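Please treat every number below as a calculation from the coordinates, not as lab data. It should be emphasised that the depicted structure is a prediction, and the values quoted were computed from it without experimental measurement. Heads up, the Cβs are rebuilt from the backbone with ideal geometry, glycines too, and the neighbour counts pull from every protein chain shown.
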Amino acid sequence: MTAAISVAGIEKSFKDLHVLRGVDFEVERGSIFALLGSNGAGKTTLVRILATLLKADAGTATVNGYDVAIQPGDVRQSISLTGQFAAVDEVLSGRENLVLVAQLRHLKNPGEVADELLARFALSDAAARKASTYSGGMRRRLDIAMSLIGDPPIVFLDEPTTGLDPQARIEVWQTVRQLAAGGTTVLLTTQYLDEAEQLADRIAILHRGTIIQNGTLDELKELLPPAQVEYVEKQPTLEEVFLALVGDEKKEAA
């Protein structure tokens, strides 16, 4: 089978600002691919090109076998895009948000679709509450659930944990793992090293508009000299301290 996403020589400039300078990579179907880079590296620009929201100046890209420049309609039918900030209607309830999107996609039984996704993303108890009352993690889970209506085979997550607290980040990570386990291809952009390390099957490092390295976590680690074994007293991370103090809200709720 062809790769879920194939990118070759993509370039993009905005006047004199060269954002992408010849980007090449492929994403296997059913995998999590992390595009890692600092702010301004060109991650969001590349995702917008793959989602047919921008046109590349040069190069080619295919998504689910469709050329993004020649077959944009077929690409849009194959993907879902979740941006850096949750795009939910805060006036509506969680269920109403899902029903609305299902109706816009002309799906049969939008209520059943909504209820199924609410259960899948552990939001059933909050289904009737306005989205404005949701926590950051709940809002992001609802946003991802909305993006999955219609079962797109490929999902773009553009910095999905920006601005979230540690507990919410872990909730989103669990959701991303569930997507891949169900066969969905995930292209994840992030500037958080631990996020790429936790989630990705392959990691590409985008720097100054080009991919400077692309491989599995183990392959990238091999680029550095072998580690020396030393006895070091392990100290808990701040995240571990935070979670130990506040507890696991999901377990407490159960």
How do TYR192, TYR134 line up, fewest other C-beta atoms within 10 Å first? TYR192, TYR134
Extension gain from ASP115 to SER38, taking 0.36 nm per residue of separation minus the Cα-Cα distance: 23.9 nm
Pick from PRO225, PRO160, PRO72 the residue whose mean-square fluctuation is largest in a GNM of the chain, springs joining Cα atoms under 10 Å. PRO225
Grab the eigenvalues of the alpha-carbon gyration tensor for the chain, scale each by 5, take roots, and send me the semi-axes largest first in whole angstrom. 30, 27, 15
What are the semi-axes of the equivalent ellipsoid of segment 32-82, taken as the square roots of 5 times the eigenvalues of the Cα gyration tensor, listed largest first and rounded to whole Å? 19, 13, 9
Descending semi-axes in whole angstrom, ellipsoid equivalent of segment 38-180, from the Cα gyration tensor: 27, 19, 12
Quick check on the chain: of the DSSP beta bridges with both residues there, what percent are antiparallel, nearest 5%? 55 percent
Longest exposed-site-free window of the chain, the sites being GluC sites (Glu not before Pro) in a DSSP loop that have at most 11 other C-beta atoms within 10 Å: 1-221
What shape does segment 68-125 have by the C-alpha gyration tensor, where a ≥ b ≥ c are the square roots of the eigenvalues, rounded means a/c under 1.5, and otherwise prolate means a/b greater than b/c and oblate the rest? prolate
Report, in whole Å, the centroid distance computed from the Cα atoms of segment 175-217 and segment 19-54. 10 Å
Under a plain spin-label model, where a point goes 7 Å from the Cα along Cα-to-Cβ, how far apart in nm are ALA128 and LEU104? 2.6 nm
Each residue of segment 42-52 in order: what ³J(HN,Hα) in whole Hz does its phi give by Karplus 6.51 cos²θ - 1.76 cosθ + 1.60, θ = phi - 60°, with x for Gly and Pro? x, 4, 5, 4, 5, 4, 5, 5, 5, 8, 6
